[in-house]
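Student: Structure incoming, see below.
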Amino acid sequence: MKSRTLLGGVALCALAVVSLEAADRYAFRQSVAAVASRVDGLTFSRVIDEPWRGDARIIGLDWRRKDVSLHIGALKFAASALLPPIAAALAGTGSASAEDVVIETGLATYKIKKIELSGASISNSDLLALFDAKAAKPLAERLAALSAAAITIPEMTVESKVGAATQKLTYRDIALNSLVNGKASSASAAGASFSLSNPQSGDVGGAYGQMSAKDLDLVLGARILTETRDRADAPKLPLYNSLAINGFHLGNAHFDLDVKNLTVGAVKARPELKQQVEASTVEAQPPRTAKGDVLRLLDCFEVDDAAASALKLELNKDGNAATFTMAQASMTRLDGSQIDSLDGKELALDGAAGRMAVESVSFRGIDLRPLSSADHAPDLLGKDLRPDFEEIVVMKFAADATSASETAKSAGSFKVERFDIRSAAQKDDSASGLDVALDHLVYPLDEGGDGGALPALAAMGYSRLDLTSRLNVVWTQTSKQLAINDFSLEGADMGALKMTALIDNVTQDLASNNEQIAAAAARNLLVKKIDIRVENGGLFDRSLAAQAKSQKKSVDEVRQSDLMAATFVFPALLGNNPSARLLGSELAKFIVEPKSFNLVALAPEGFGLADLELVKTPGALLKKMAITGSANE
């Protein structure tokens, strides 16, 4: 809409430059009257011409067309003293200006104090075509005939209202240079300020700093605002090559957002796709949503890259204040709903709970199309709750509670070296997979002198918890099976746990927002296989020593007691059958020499919660599944 406004004002200035097709007053007035008679809805109050001064004015010009009205208080134009006005226009040396311009549409009102145009060049036939409501060519194509050396607008205000919300946006010192066939080699504005008033959410205000763009296609901009396209695969065309904004601010009584610099690389664009709706199905169409509208808008654009630096967000200024900062945010290649990457560097959040900081965060292969659903997600896996992605990587995440309140300090401080979550591609289209990696989650255990949140580990002599984990799962919707191909948890100076499993009858109902449906789905789960391997790296030795200390016994005495339990008590609980005794024997081997222990449980028919409720004694488990164990293999 803004591009169409500028071009409309520029076209009227061009009207002034070329309409002097004779040197005398009579011919000039006749020319203006002829133009007005051929343009539907175009009127003017009077004409003032002063040929001895080389300029003329059209006063009180009004143009109405459909839902758009335009008023110009005074349209003034001049030409070089060496050339008559029409010759100057054809040579590209004429100039014109429009004052007190007001454009009203169904969506907004545009107020421009003055538009100045110099070096305009356009033929009389092309000029008349601009305002011809019966012209075969769209308005954007007709505007392509416009050329000028420069266009300047000292101030332009846009006022709009959507529902109860009103918005006011004011641009300062707009300049378009070397406009050839509707394309400007450069465009700039000294800045802009805006305000948004909403009775429900309150008032918000802000400002942009100096803005500049290169190779701006105003004609394409007008097409995007005034036309729709018929073909879904219509190509995107260059809109501009670069955009830079020196500073941005947004805020109100509750928050302030500041950005030092914003840059956008080359952008291609196209009009929005025409909505094909059969008359008989209008009522059956799903309601439009804000997120759906955003995705339809994104479908019109292709952006090479974008970046922002020195972001600062201050929250809850009136209480429980918090500050979020980010040194740099960047995006590479947005094409419709597809984004190659989003990256953030040096992120930090400071507040009552202390400080949380991230060295970098990266999102790869983002697909926003799932967000286009107009329905609420029936479950936690519903795609309208989240975009699809290929990978998320968080590097060096740290939470520091040393500066927090006493209540917040109880949560302690921790660090994560790396967190990586990836969507794992599957050959079967009905299957979806996930890879998760967590490297070095470090949590101090000696905070406050009582072991912090894990006093048992502190009692074993550990000063910190250092964990690394991996997870690979695949869910196949057609077979309703969830395969845990790899789950591992490794602790520094502790050891490792590794597990694989196969679970049957897994449906989306498990993630339902309805608690009863989710509970019923959980009861229907059937575990068919679990394979667990434990490798000792010091945890069992320290546990045995801590147990001996708490019982005021020697380590050998505690080990002997555990051996008796493994050899006699444990098999007896399982029915004292050969399988139970063999399992107890292997467990005893591990107690004597704790290196590794492997436990495998197989249930070909599946074992679920309902089966567990029917088990009266632990020994009955062996009738439902085959359990074997092996030590130090």
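The values are calculated or read from the model by the stated rules, or taken from the named source; none is laboratory data. These numbers were taken from a predicted model, which means no experiment stands behind them. Counting neighbours? That spans all protein chains shown, and the Cβs are built from the backbone with ideal geometry, glycine included. Surface areas here come from the heavy atoms of the whole protein model, side chains and all, with no ligands, DNA or RNA. Shrake-Rupley method; radii C 1.70, N 1.55, O 1.52, S 1.80 Å.
Student: Which entries in Lys498/Lys552; Lys76/Lys214; Lys161/Lys274; Lys183/Lys236; Lys480/Lys623; Lys161/Lys260 show an alpha-carbon gap greater than 23 Å?
Tutor: Over 23 Å Cα-Cα: Lys498/Lys552; Lys76/Lys214; Lys161/Lys274; Lys480/Lys623; Lys161/Lys260.
Student: If I ignore ligands, DNA and RNA and count only protein heavy atoms, how much of Lys274 is accessible to a 1.4 Å probe, in Å² to the nearest 10?
Tutor: The accessible area comes out at roughly 90 Å².
Student: Per residue of segment 497-504, what does 6.51 cos²θ - 1.76 cosθ + 1.60 with θ = phi - 60° give for ³J(HN,Hα)? Whole Hz please, x for Gly and Pro, Karplus curve as stated.
Tutor: Going residue by residue, I get 10, 10, 8, 10, 7, 10, 10, 9 Hz, with x marking Gly and Pro.
Student: Might you work out the accessible area of Arg46 for me, using a 1.4 Å probe with all protein chains in place, and round it to the nearest 10 Å²?
Tutor: 130 Å²
Student: Using the heavy atoms of the protein chains alone and a 1.4 angstrom probe, what is the accessible area of segment 217-261 per residue in square angstrom?
Tutor: Here the per-residue accessible area is 50 Å².
Student: Let me check something: with ligands and nucleic acids excluded, how do Phe590, Phe44, Phe389 order by accessible area (1.4 Å probe), largest to smallest?
Tutor: Phe44, Phe389, Phe590
Student: Could you state the accessible area per residue of segment 520-562 in Å², with a 1.4 Å probe and every protein chain left in place?
Tutor: Spelled out: the 1.4 Å probe surface of segment 520-562, per residue, equals 62 Å².
Student: Hey, what did segment 530-633 get for relative contact order, percent, Cα under 8 Å, at least 6 apart?
Tutor: Dividing the mean separation by the residue count of segment 530-633 yields 34 percent.
Student: Starting from the residue with the highest accessible area, list Met460, Met494, Met564 in decreasing order, probe 1.4 Å.
Tutor: Ranked from most to least accessible, the order is Met564, Met460, Met494.
Student: Step through the residues of segment 508-514 one at a time and calculate ³J(HN,Hα) from phi using the Karplus curve (6.51 cos²θ - 1.76 cosθ + 1.60, θ = phi - 60°), rounding each to whole Hz and writing x for Gly and Pro.
Tutor: 5, 4, 4, 9, 5, 6, 7
Student: Quick one: 3J(HN,Hα) in Hz for segment 568-583, Karplus 6.51/-1.76/1.60 with θ = phi - 60°, rounded, Gly and Pro as x.
Tutor: Karplus-based 3J(HN,Hα) across segment 568-583 equals 10, 5, 4, x, 5, 5, 8, x, 6, 8, x, 5, 5, 5, 5, 5 Hz.
Student: Could you please report the charge total around Asn632, scoring K, R as +1 and D, E as -1 over all other residues with beta-carbon less than 14 angstrom from its beta-carbon?
Tutor: Result for the neighbourhood of Asn632: -1.
Student: How big is the accessible area of Met395 in square angstrom, nearest 10, if you roll a 1.4 angstrom probe over the protein chains?
Tutor: Counting only protein heavy atoms, the figure is 50 Å².
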